[in-house]
Amino acid sequence: MTEEAAHHDHEWVRRPAAAAQGTNCTAEQYEAMYARSLEDSDGFWLEQAERLDWIEKPTRAGDWSFDPVAIEWFADGKLNICHNAVDRHVAAGHGNRVALIFEPDDPAGAVRRITYAELQAEVIRMAGTLKKMGVARGDRVTIYMPMVPEGAFAMLACARIGAVHSVIFGGFSPEAIAGRIEDCASDWVICADEGWRGGKTIPLKANVDAALAKVPVKAVLVVRHTGGAVAMTEGRDHWYDEVSQGVPSECPCEPMAAEDPLFILYTSGSTGKPKGVLHTTGGYAVWTETTFRYVFDYRPGEVFWCTADIGWVTGHSYVVYGPLQNGATALMFEGVPNWPGHDRFWATVAKHKVNIFYTAPTAIRALMREGAEPVEKHDLSSLRLLGTVGEPINPEAWRWYETTVGKGHLPIVDTWWQTETGGVMITTLPGAHDMKPGSAGKPFFGVVPQLVESDGAVLEGAASGNLCIVRSWPGQARTVYGDHDRFVQTYFSTYTGKYFTGDGCRRDADGYYWITGRVDDVINVSGHRMGTAEVESALVLHDKVAEAAVVGFPHDIKGQGIYCYVTLMEGEEPSDALTAELRQQVRTEIGPIASPDHLHFTASLPKTRSGKIMRRILRKIAENELGSMGDTSTLADPSVVDTLIEGRLNR
Ligand code: WTA
């Protein structure tokens, strides 16, 4: 452990007294519930599951093994998550409660407030339209939407009829869309004409058209949003407002087995193409309902704002399924934090009297740079709880969030979790735990983290190691769509019998967990997960590129930036034009979010005698840690290192 890291271990921030008032979990309750969640896992989870409506109540909870890998939860139960997120609240007399508040990109644009009764009608209309188009239970439906309520309607409509949604973030390219449509053999796409972001339009339908030139589908449902002109292919493309005319005003929720698939979400790993992580119905429903309830300590009537896009897992679990299953009011924001001004988040909090605000460290760091003035301009007195997710938060940014946004009296939950975990895994609970800036905190109910050394030795007490989870939890991903072997290989083969997260982590003497970042070839750029292998594949597609190696480096705002080492074909020379072409190449293959920060042309890469690239060295150079290169004696040609260092300094 470095001295600097350990230095933060004793920096306690007391949970505000107000956080304990009316909370649904005190410190004593946490201890008792956590203990029971392990000792009587079935009893505990069946009890949590009671808050949901089941068509058939489950009689058992977890039934799982990590070796061989087979995971089931609530397997003999039947339910529909759309019913739980929508219909049951209307049936309980809460139809007039606001489910979604839509804040458009343009602050002068029309706000929409959609009640649970209206949400039900909208979801039924969308579900009926999907059926009319021929979508059936079990079909995969691709959703490529801006952050507008219709994105949530589309997800819920799929869940209602038992179709499996695969949401693709609007920042992905046609190439990436095509790959994902092909991987899960999806015959249906729901998109908007265009999206808005910071006053500019995003050509969503045009991107879909370009993707469909490579992989045909049966039909595309197009939601009119900006009104921009788009091409419509006769017989394949349908305007939602037209095709939805006259669909029945009823569409029953399909009874789903707890282990029926709910959605696929593609995420990056250290090798190959993105994986289609598969979540099923019952466990995910219970996990998102329970984590939302306890982590955000949601109280009826409050406005909850998670700034994540529905294209990421955070948007799935904490814009849509978690809040709505709890009957909460969730804000959906189409825009960006810094447009039209750096106060957009704070203006929006004040405008809608947001009580709970959940965002990413990268946004906090970017806004921190603008100083306190944009924050102080607005009345943030509605705020009661703050949260972060997506990457480690540096204590300095945590302090700013706590002091400048929270005025020193709000609890902050730093929630660690992953696409594969379905919902929050490690966090403090607002009424139960004191906080430590930079530490995620304690395991949620049922979560048993373990720190493991490279050789598999389990570390006890205060220690640093690779973070594994040794027991299944209801929200755990069940497989990689169509490739269970890859699921087993990726998560359960590094340490047999354990789920390996890919993250490094430190546990301090108080049992608090400090995530130190990925230990594999995944980088986290502005909270977006990216496989370095994906960026490399994109670069080598260019015919002037012989080889590429991509690593992350610390970036003040983004957390990590993308540093690409590129070797050109014999006879080719680096130039500004080539640099621009390579950047474009990556944007075309993956999307703007993967755009390289640095391209470092080099005649050769550091390789071992057996031809393996030594990434450790490339990382050090990218990080500018030139004094600690470690052992370079196994390199085929150690002089490469000096050349690379020189190349970096002259960059
Ligand atoms: C990182 C996002 C530190 C981590 C929900 C993880 C975090 C990856 C935190 C998953 C946090 C997420 N502190 N690191 N609070 N939350 N991470 O799948 O490296 O997009 O493995 O899920 O983000 O990213 P994903």
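Roughly what % of DSSP beta bridges within the chain run antiparallel, to the nearest 5? Mind showing how you got there, number by number?
Details: 62 of 102 bridges.
About 60 percent, rounded to the nearest 5.
Using amide H atoms built 1.01 Å from N in the peptide plane, name the residues 5+ places from Arg97, or on other chains, whose amide H lies under 5 Å from its own.
Tyr116, Ala117
Taking amide H atoms as placed 1.01 Å from N in the peptide plane, list the residues 5 or more away in sequence, or in a different chain, whose amide H sits under 5 Å from that of Phe444.
Hits under the 5 Å cutoff: Ile426, Thr427.
Using label points projected 7 Å from each Cα along Cα→Cβ, tell me how many nm separate Ala27 and Glu11, to one decimal.
Each label point is offset 7 Å from its Cα along the Cβ direction, giving 2.1 nm.
Within 10 Å, count the other beta carbons around each residue, average over each peptide in 274-281, 255-262, and list them highest first. Don't skip to the answer; put the middle values down first.
Numbers: 274-281: 25.1, 255-262: 21.0.
Those peptides, ordered most packed to least, come out 274-281, 255-262.
Arrange the peptides 284-297, 610-623 so that the one whose residues have, on average, the most other Cβ atoms within 10 Å appears first. List each step's numbers first, then the result.
On the way: 284-297: 26.7, 610-623: 17.3.
The densest-packed peptide leads the list: 284-297, 610-623.
If you only keep lysine pairs separated by 8 or more in sequence, or across chains, how many in the stretch 141-293 come under 23 Å at the Cα atoms? Write down the numbers at each step before the final one.
Details: Lys205/Lys214; Lys205/Lys218; Lys214/Lys273; Lys214/Lys275.
Close lysine pairs found across the stretch 141-293: 4.
Quote the charge dipole size of the chain about the Cα centre in Debye, to the nearest 20; the model charges only the Cβ of Lys and Arg (+1) and of Asp and Glu (-1).
Details: 61 positive and 84 negative charges, 191 e Å.
Dipole of the chain, to the nearest 20 debye: 920 debye.
Give the aspartates and glutamates reachable from Lys612 as a straight Cα distance under 17 Å; neighbours fewer than 8 places away on the same chain don't count.
Asp520, Asp521, Glu536, Glu547, Asp631, Asp637
Taking the Cβ of each residue in Met569, Met145, Met232 as the centre, tally the other Cβ atoms inside 10 Å and list the residues starting with the fewest. Numbers along the way, then the final one.
On the way: Met569 11, Met145 26, Met232 15.
In order of increasing Cβ crowding within 10 Å: Met569, Met232, Met145.
With both partners inside the stretch 526-647, how many of the DSSP beta bridges are antiparallel, as a percent to the nearest 5?
Here the antiparallel bridges make up roughly 75 percent for the stretch 526-647.
Between the stretch 585-617 and the stretch 415-481, what is the separation of their alpha carbon centroids in Å?
Between the Cα centre of the stretch 585-617 and that of the stretch 415-481, the gap is 31 Å.
Quick check: from the Cα gyration tensor, does the chain come out rounded (a/c under 1.5), prolate or oblate?
rounded
Taking 8 Å as the Cα distance limit and 6 or more residues as the minimum spacing, I'd like the relative contact order of the stretch 299-398 as a percentage.
Working: 135 pairs, mean separation 29.2, N = 100.
After rounding, I find 29 percent.
Roughly how many debye, to the nearest 20, is the charge dipole of the stretch 384-516 about its Cα centre, given +1 on each Lys and Arg Cβ, -1 on each Asp and Glu Cβ, and no other charges? Before the final figure, lay out the partial values.
Details: 11 positive and 14 negative charges, 76 e Å.
That gives a dipole near 360 debye.
Which listed residue (Leu599, Thr419, Leu618) has the Cα farthest towards the positive end of the charge dipole for the chain, taking +1 on Lys and Arg C-beta and -1 on Asp and Glu C-beta about the Cα centre?
Thr419
Hey, can you rank 203-212, 427-436 by average C-beta count inside 10 Å, highest first? Write down the numbers at each step before the final one.
Values: 203-212: 21.4, 427-436: 24.1.
Going from most to least packed, we get 427-436, 203-212.
In whole percent, what relative contact order does the chain give with Cα contacts below 8 Å and a gap of six or more residues?
Values: 1410 pairs, mean separation 87.8, N = 651.
Reported as a whole number, the value is 13 percent.
For Val540, project a label point 7 Å along Cα to C-beta. Then give me every residue of the stretch 614-637 with its amide nitrogen under 15 Å of that point.
What the label zone holds, given the 15 Å backbone N cut-off, is 614-615.
Once every DSSP H run of n ≥ 4 in the chain is given -39500 (n - 2.57) and the sum is divided by its residues, what mean residue ellipticity at 222 nm do you get, rounded to the nearest 500 deg cm²/dmol? Numbers along the way, then the final one.
Values: 19 runs with 179 residues, N = 651.
Rounded to the nearest 500, it is -8000 deg cm²/dmol.
Read the figures in this text as sums done on the coordinates, not as results from a lab. Everything quoted here is computed from the prediction, not taken from an experiment. Note that we place each Cβ from the backbone using ideal geometry, even for glycine, and neighbour counts take in every protein chain shown.
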